[in-house]
Number of protein chains: 2
Amino acid sequence: MSSPDWIALDWGSTNLRAHAMQGTTILAEASGPGAASLPDAMAFEFALLGVVGDWLSDAAMPMLACGMVGSRQGWIEAPYLPTPSAPLDPSAMVRAPARDPRIDLRILPGMRQASPADVMRGEETQIAGLLALHPDFDGVVALPGTHNKWARISAGEVVGFQTAMTGELFQLLSTQSVLRHGMGEGWDEAAFEAGVTEGRRDAERLMARLFTLRAEGLAGELSPDAARSRLSGLLIGAELAAMRGWWLGQDVALIGAPTLTARYAAALALQGNEARQHDGGAMSLAGLTKARTEDRS
Amino acid sequence: MSSPDWIALDWGSTNLRAHAMQGTTILAEASGPGAASLPDAMAFEFALLGVVGDWLSDAAMPMLACGMVGSRQGWIEAPYLPTPSAPLDPSAMVRAPARDPRIDLRILPGMRQASPADVMRGEETQIAGLLALHPDFDGVVALPGTHNKWARISAGEVVGFQTAMTGELFQLLSTQSVLRHGMGEGWDEAAFEAGVTEGRRDAERLMARLFTLRAEGLAGELSPDAARSRLSGLLIGAELAAMRGWWLGQDVALIGAPTLTARYAAALALQGNEARQHDGGAMSLAGLTKARTEDRS
């Protein structure tokens, strides 16, 4: 391949996605270990070289990174931008310490909201990517993942945001709790939609609904695939109830993994909201590219 | 010690509590591994002999057991009593297969409710113990634990019950989720009570409240002890909201570990409900003793 002039790094808790870039053109991509599995700066540097080493020459290579790589448990803590503000500020990037002189890596700031207290790292760059592609977007961006973010966007700024731990809760309940005994691997859309409706209507009673999945499974009334799909629906429905003020009557843009945004789009459609879906990886790259462009100008 | 004439076994998921009994008198007690850690019948037998071996002579020893030892993942599956019915039916006990002829062990049935689907194992014996000590009790029994049970008692029968997974959810969130980074070991009663009030009032918004603990911790606004106590309060408050129909205007008896029933008593007191507390181990033993008495008569 021709020589990259910079490298884009979307470095979250569970994955590193790296792109070798020439301007705005993707030359190559690769993936590696997430930030949560790396104990210290040396481990981050070692992991990075394992993933992008082939793209380096003798010269220092500019790299821009977003995500949990900049958290307190990451490579080095990057600052937070306050709300309200634009989701991107290349002047607030922090340089990661590295022994290898070929590594010229800077991490984008996250965002912090004072009250109610909330933080994000990585999602702000995806929002910046969406705004780079749709500069006039005005509405709400929902970013389902381990920690789902809901952000209100107006005039190119993140006005406020809120996190729901739905993704992590689903992961814990379906793989670590007593409910795991009755969970399949497949998907049952009808059970999912029934769960969404129930969770949305009875969000206040969520704590009393979860164990029913186990009891109905023991009674042979609920298949493992239906149980897992209904659990997902229940939690997403309860999240929609909790976040009602964020999506009701709003233009909603969903950013994330396609299978996950599809679930949220289906759940929102049941409430009469037709949300648009955007691929999370593409939005990260668009945001990092925007940061690269602004940084050079 | 003098010779026991039977052994009482309270064998839950995480603990075995054994009592060497002479009639209704406790001669000795011992503890051992919970049912969840034992893979098959041989492992149960081996674990049991390790705990009660010293209490056995050459003759077969009658033993009565309750709890998850009778689940599908236990020693052998015991039947369920339907609701409504009395919580104790010695005629429905099942014998556990054992190679050692000194083991004459029978497991008490659990209880099952058809609709909404629900199950319990072990708690029905604690309820039977409460009723043995307070035959005229009429009201609601709440049994906080990993899976909290709320049961309506009338005329000596369990009329219906419902499970909330609050205990397991607290365990998962405080030790496995991202919230674990900000959790202390101590207790902050004021933070707990604030959490109860918030969880009770905003149960519908629970999914959006949890991450705030992490964000406030990162911002230095919430101490680790206060974070853990508020998480406990939030979940218990949300449970009280979900179970409102079970305790509002009812006589509530709490059965469980004293530290846990104290938390629920405090949370209920904030709602103006003065619940009475009963020790879970004592109620199990009273229920098993009642079964032994009825079985012999």
Scope the range A:175-193; condition in a helix (DSSP H, G or I), surrounded by fewer than 21 Cβ atoms within 10 Å (Cβ to Cβ) and within 14 Å of chain B (Cβ to nearest Cβ); matching residues:
A:T175, A:V178, A:R180, A:H181, A:G182
Selection from the range B:194-236 of residues hydrophobic (A, V, I, L, M, F, W, C), closer than 28 Å to B:W150 by Cα and open to solvent by 30 Å² or more (accessible area, probe 1.4 Å) yields B:A194
Would the range A:53-70 turn up any residue that is open to solvent by 10 Å² or more (accessible area, probe 1.4 Å) and of a type in the set (V, I, T)?
no
Between a residue in the range B:4-26 that is under 20 Å from B:T293 (Cα atoms) and touching a residue at least 40 places away in the same chain (Cβ under 8 Å) and any residue that is open to solvent by 50 Å² or more (accessible area, probe 1.4 Å) and assigned to a loop (DSSP other than H, G, I, E, B), which pairs come within a Cβ distance under 8 Å, given they are 6 or more apart or on different chains?
B:M21/B:D5
Tabulated pairs, the range B:198-220, first more than 7 Å from chain A (Cβ to nearest Cβ) and assigned to a helix (DSSP H, G or I), second open to solvent by 30 Å² or more (accessible area, probe 1.4 Å) and hydroxyl-bearing (S, T, Y), C-beta under 9 angstrom, 6+ apart or interchain
B:G217/B:S223
Keeping to the range B:125-149, report how many residues are touching an Asp or Glu at 6+ places or on another chain (Cβ under 6 Å), within 14 Å of chain A (Cβ to nearest Cβ) and either open to solvent by 40 Å² or more (accessible area, probe 1.4 Å) or not basic (K, R) (or both).
2
Give me the strands (runs of 3 or more DSSP E) completely within the range A:19-112, filtered to those with at least 2 residues that are more than 21 Å from the chain's Cα centre (by Cα) and under 18 Å from A:A8 (Cα atoms), ordered by residue number.
A:25-33, A:61-66, A:103-107
Restricting attention to the range A:243-269, and to residues there that are aliphatic (A, V, I, L, M) and surrounded by fewer than 16 Cβ atoms within 10 Å (Cβ to Cβ), which single residue is nearest to the other protein chains (Cβ to nearest Cβ)?
A:L248
In the range B:21-36, what count of residues is obtained for those that are hydroxyl-bearing (S, T, Y) and open to solvent by less than 80 Å² (accessible area, probe 1.4 Å)?
1
I'd like the full set of residues that are hydrophobic (A, V, I, L, M, F, W, C) and buried (at least 22 other Cβ atoms within 10 Å of the Cβ), limited to the range A:97-118.
A:L105, A:I107, A:L108, A:M111
Sort out which residues of the range A:268-296 are charged (D, E, K, R) and assigned to a helix (DSSP H, G or I), and write them in order of number.
A:K290, A:R292, A:E294, A:D295, A:R296
Exclusive hit being among the hydroxyl-bearing types (S, T, Y), out of contact with any Lys or Arg (no Cβ under 9 Å at 6 or more places or on another chain) and at negative phi, set A:T175, A:T163
A:T175
Looking at the range B:113-142, which of its residues are in a helix (DSSP H, G or I) and under 27 Å from A:G217 (Cβ atoms)?
B:E123, B:E124, B:T125, B:Q126, B:I127, B:A128
Can you tell me how many residues in the range A:106-124 are more than 8 Å from chain B (Cβ to nearest Cβ) and of a type in the set (D, E)?
2
I need the full set of residues from the range A:155-174 which are touching a residue at least 24 places away in the same chain (Cβ under 8 Å) and either of a type in the set (F, W, Y) or not in a helix (DSSP H, G or I) (or both), in order please.
A:G156, A:E157, A:V158, A:V159, A:G160, A:F161, A:Q162, A:T163, A:A164, A:F170
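The values are calculated or read from the model by the stated rules, or taken from the named source; none is laboratory data. Just so it is clear, the structure is predicted and the values come from calculations on it, not from any experiment. Using ideal geometry, Cβ is built from the backbone for each residue, glycine included, and neighbour counts are taken over all protein chains shown. Heavy atoms of the whole protein, side chains included, go into the accessibility calculation; ligands, DNA and RNA do not. Shrake-Rupley method; radii C 1.70, N 1.55, O 1.52, S 1.80 Å.
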